[in-house]
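Remarks on the structure that follows.
Read the figures in this text as sums done on the coordinates, not as results from a lab. None of these values were measured; they are calculated from a predicted model. Heads up, the Cβs are rebuilt from the backbone with ideal geometry, glycines too, and the neighbour counts pull from every protein chain shown.
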Amino acid sequence: MKRILNFERISVDDGNVCRHCEEQLRRAYEKLELAKEELEFLERPKRSIIVSFPVKMDSGKTRTFTGYRVHYNDARGPTKGGLRFHPELSLEDVKNLAYLMALKCAVVNIPFGGAKGGIVVNPKELSERELENLTRGYVRAILDYLGPMKDVPAPDIYTDEKIMAWIMDEYEKASGIHSPAVVTGKPIELGGCSTRAIATSLGGSYVMGEIMRYMRLDKRKLTVAIQGFGNVGGNIAKILYENGIKVISVSDSTGGILNEEGLDIPRVIKHKKGTGRVTGFKGANEITNKELLALDCDILIPAALSDQITSENADDVRAKVILELANAPINVEADDILFEKGVFVVPDILSNAGGVVLSYLEWAQNLTGDYWSEDRIVKRLKEIMTTAVREVYGQCEPLNCNMRVSAHYLAVKRILRAEKLRGNFV
Ligand code: GLU
């Protein structure tokens, strides 16, 4: 067996993302037949930055914080990826997530490398002013490595558009140059994109549409179940409903609701807004999250947590297609069981890439100063997502592999190709 990447378990919110990643990569590598020096190269990020910086607190005292930024690979363009604020963040987490970003950007073929960053902090304990001081302190600490053509952060866990605006402002103050493209996920008034909030779900719906075409699934007869009703799950439910697709079940951490005739999603959204949960909704039966995953439906969309389908329950899955909108909702053992059963799994690095694709469109508009209509943005997002699905799907038969292996294979191949064209490998 070939040597494999030494990824460790991700401890922050993403569950086992990279334990999973390692195994998938091993499979892709078997297909790729990588040379020793290529593997050696891929195993390590190009640059890992650890910074410590002082922040003035409201108490009048100063606290020193630790921040990270990892640029995994930049052969295909400036590095790109989110910035998260989390008390348990480690450099290892950031490194693994940066690698996933490199793969994600490569699989959808946008001109970015992969990065990730963060600050070890519980943002809920800070006042707004402290949060601003913290963000600006971090920007000053990594300033030399930041820039529209170097590294472009975006929101992630516990960071939002307000924080992105501060990042842009601090960078511009330091450089003396207007540079909206230094960060994405900004407020619209500062060069952000209006479709940002729904980008992951919208991208996922285009991926799903393409797969439906390949599998000749009739939209009028289709049934969908969605695990998770947060930003991603809630928005894809809404998009599908508006497109006349029957969503029979949705869930959140309190449990799920089922109506085989199709849920009235706008009413479910209203109910969730009012009560904070989907359960208790009139006009549906209540089920558990576990039952939702085993529903007899055409498409199952895990849009919540990682590690939801394991060897314990993979056999119970009755859906024809699984669209992974969450990160790593299916573990490696379950992946094999589902493959044997003939369940068609669309992997996370493809299904949920809509967010970073929208970041790319925001960045491109910021660089050119040519701002597009919403229609044009959505059209381009669709084009990029469907092309990627076609390319990943098109490789499955010749390679005799599933969509996940194909997506990893395509991404790694693209990154290595860029390195080779640059003359870094023979
Ligand atoms: N939070 C997203 C990620 O890291 C942001 C990606 C981006 O738009 O740069 O996956």
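Things to note:
- Panel order for Ile337, Ile110, by other beta carbons found within 10 Å of each beta carbon, from fewest to most: Ile337, Ile110.
- Counting only aspartates and glutamates at least 8 places from Lys320 when in the same chain, those with an alpha carbon closer than 14 Å to its own are Asp218, Asp296, Asp298, Asp335, Glu340.
- Taking a point 7 Å out from the Cα of Ile157 in the direction of its Cβ, the residues of region 79-116 whose backbone N falls within less than 16 Å of it are 82-101, 116.
- C-alpha center-to-center spacing [region 93-108, region 342-395] in angstrom: 15
- Ordered by the number of other Cβ atoms lying within 10 Å of each residue's own Cβ, fewest first, Arg136, Arg196, Arg47 fall into the sequence Arg47, Arg136, Arg196.
- Gaussian network model of the chain, springs between alpha carbon atoms under 10 Å - residue of Val389, Val94, Val55 with greatest fluctuation: Val55
- Here's the list of aspartates and glutamates a cross-link from Lys36 could span, going by alpha-carbon distance under 19 Å and ignoring same-chain residues fewer than 8 apart: Glu22, Glu23, Glu419.
- Span-rule helices in the chain, defined as complete DSSP H runs reaching 30 Å or more along the axis (Cα) with Kyte mean at least -1.0: 374-399
- Order of Asp335, Asp315, Asp252, Asp218 - criterion: other Cβ atoms within 10 Å of each residue's Cβ, fewest first: Asp218, Asp315, Asp252, Asp335
- Gain upon complete extension [Leu143, Lys282; 0.36 nm per residue less C-alpha separation]: 44.7 nm
- Potential extension, Leu399-Asp375 segment - 0.36 nm per residue separation minus Cα distance: 5.0 nm
- When all alpha carbon pairs of the chain are counted in 20 Å bins from zero, the resulting P(r) reads 26, 58, 16, 0 %.
- Checking the Cα-Cα distances for Lys124/Lys186; Lys173/Lys420; Lys61/Lys162; Lys162/Lys413 against a 30 Å cut-off, the pairs over it are Lys173/Lys420; Lys162/Lys413.
- Low-density loop cleavage sites - GluC sites (Glu not before Pro) in region 28-98, where at most 14 other Cβ are within 10 Å (DSSP): Glu33, Glu43, Glu88
- Largest GNM mean-square fluctuation across Gly203, Gly354, Gly77, computed for the chain with C-alpha springs under 10 Å, falls on Gly77.
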